[in-house]
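J.: Got a structure here, written out as structure tokens. Questions coming.
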Amino acid sequence: MRARVKKLLRMYVHYAPPSSGVIVFLFWRELRLPAFACIGFDYICVSVLGMDSQKHQLTQSGSALKSAVELLEFANKALDIKDEDEFTKAAKQIKDRVTMAPAFRLTMKPKATDNMNHLMVDFNQERQLLQNLRFLPVPRAPEIEVGDCLVLDNTVSVAWQMPVEDSKIDHYILEYRKTDHEGLPRIKDERCWEVVDNIKTTEYSLSGLKFDSKFMNFRVRACNKAAAGEYSDPVTLETRAFNFGFDSSSSHLNLKVEDRTVEWDPQGGKGLESKVKGKENKGSAHLTNLKNMSRSGTPSPKRTSATRSPAIRGGRDRFTGESYTVLGDTSMDCGQHYWEVKALKDCKSYSVGISYRNLGKFDQLGKTNTTWCIHINNWLQASFAAKHNNKAKNLDGAVPDRIGVFCDLDSGQLSFYNAETKQLIHTFKAKFSQPVVPAFMVWCGGLSLSTGMQVPSAVKSFQKTENGLGGSNSSLNSMAQ
């Protein structure tokens, strides 16, 4: 009988519905191990949201677990009953309690699920937006059309095109820098790149440049709304022009010479004269040298001024006396050259022209056969004249604010123009047998100099016309020796 009850208990335990979640393990006394029960539920989950239904389900499951534990304890004690009638009665109670256990009446499916569908976020709209995005490719490098580039009248025009037509290009960036090296640009150059941004077309002109270098490098890159592309292969364009400054080492002591200006200074020679006298009182050997060199010069005119030792750079004495002259520091022996001169406010008298470098220190511009100039006098009676070899020709018209000087050594011409209108003022014709330098005379006023300029195209065209007609505005043509 005892064996049958034990078998019955095993059957109840074995065939208990899985949904009840009750699993009973009985270790018999013969093995001398404590009996225990493991009550497991398929799902007992508490929702992270803390809903009331989940709390109620948890409470019911807790009560069912407690009842099952009590039943197992009772069944464990029934195994110790010796009396078969008592054991049979206890077994019947166990059967009834197992049949009526709360675990059999509960729905063990939890209110909370593990698929988390209710927590999922719908990204369909964002996905559609991302799929509709159109990403722009980085623009390709443009190609500069060297044949379409132009250097004229101190203006550089640069043209380029894209290797493949790209409608997404928004603008271009042009960069340039000056250099004295011909050929491909050097990686390391003393000068930095200048930038011109937001160019909407495939060409650009840089105007008003001063050509103080022999060449200029150019490169360009394309940009769209997203990024800037690679630079084009750089190109080098020639920008030669005549550059010079004032030779301050040989200028008259009454002339204050700076970078691109020269001004009359009536007190200019007095400081040096006092220094020379001080050295003379001390028996300075330097003053003796000055006197010796003064004796070897041209005869002194009525007014004289203290002189210095010959300039090392120019290899000539300073102008003195009434020759308020300053020469250019660069000579010309061939080719065409152009520069402009502007008189400062209230300038009383000045001359602009060219001269041989061997001009005497007492000589004045226009009074020798090696100087050619136009002279402007605004002192007592205004006069405007062309001078050469101590001859003068009065010129008609008003004196322009800026005077352009064009020197063509190959054809033997020296022309003066109104720098604003490019109207011809006067032309000298001569056969130059030596290199010449720009020459200037200033008295009671000042001059400003503009160099690094190309020969204007209007001047070139006019000179071609004049040469073709064989005419000239000059009556002072000469053969300079």
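The values are calculated or read from the model by the stated rules, or taken from the named source; none is laboratory data. Note that the coordinates shown come from a computational prediction; the quantities given were computed from them, not determined experimentally. Heads up, the Cβs are rebuilt from the backbone with ideal geometry, glycines too, and the neighbour counts pull from every protein chain shown.
J.: Between 175, 145, 182, which is charged (D, E, K, R), modelled with pLDDT of 95 or more and closer than 25 Å to residue 242 by Cα?
T.: 175
J.: If the Cβ limit is 7 Å and pairs must be 6+ apart or interchain, which residue in the range 116-139 that is within 30 Å of residue 230 (Cα to Cα) pairs with which residue that is part of a loop (DSSP other than H, G, I, E, B) and among the small types (Gly, Ala, Ser)?
T.: If the second residue must be part of a loop (DSSP other than H, G, I, E, B) and among the small types (Gly, Ala, Ser), the pairs left are 136/226; 138/227; 138/229; 139/229.
J.: Okay, moving on. In the range 326-348, what count of residues is obtained for those that are modelled with pLDDT of 90 or more and in a loop (DSSP other than H, G, I, E, B)?
T.: The number of residues fulfilling the criteria is 9.
J.: Further question on the same structure: Tally the residues that are in a helix (DSSP H, G or I) and either under 30 Å from residue 257 (Cα atoms) or outside the structural domain of residue 408 (by TED's automatic domain parsing) (or both), restricting the search to the range 448-465.
T.: 1
J.: Kindly indicate the residue of the range 185-222 that is acidic (Asp, Glu) and in a loop (DSSP other than H, G, I, E, B) and also modelled with the lowest pLDDT among those meeting that condition.
T.: 189
J.: Any residue in the range 160-182 that is within 19 Å of the chain's Cα centre (by Cα), crowded, with 18+ Cβ neighbours inside 10 Å, outside any strand (DSSP E or B) and not hydroxyl-bearing (Ser, Thr, Tyr)?
T.: no
J.: If you don't mind, there's one more thing I want to ask. Please pick out the residue among 323, 309 that is modelled with pLDDT under 90 and out of contact with any strand residue (DSSP E or B) (no Cβ under 7 Å at 6 or more places or on another chain).
T.: Every option except 309 fails the conditions.
J.: May I ask you to say which residue of 398, 439 is within 20 Å of residue 350 (Cα to Cα) and modelled with pLDDT under 95?
T.: Criteria check complete, one pass: 398.
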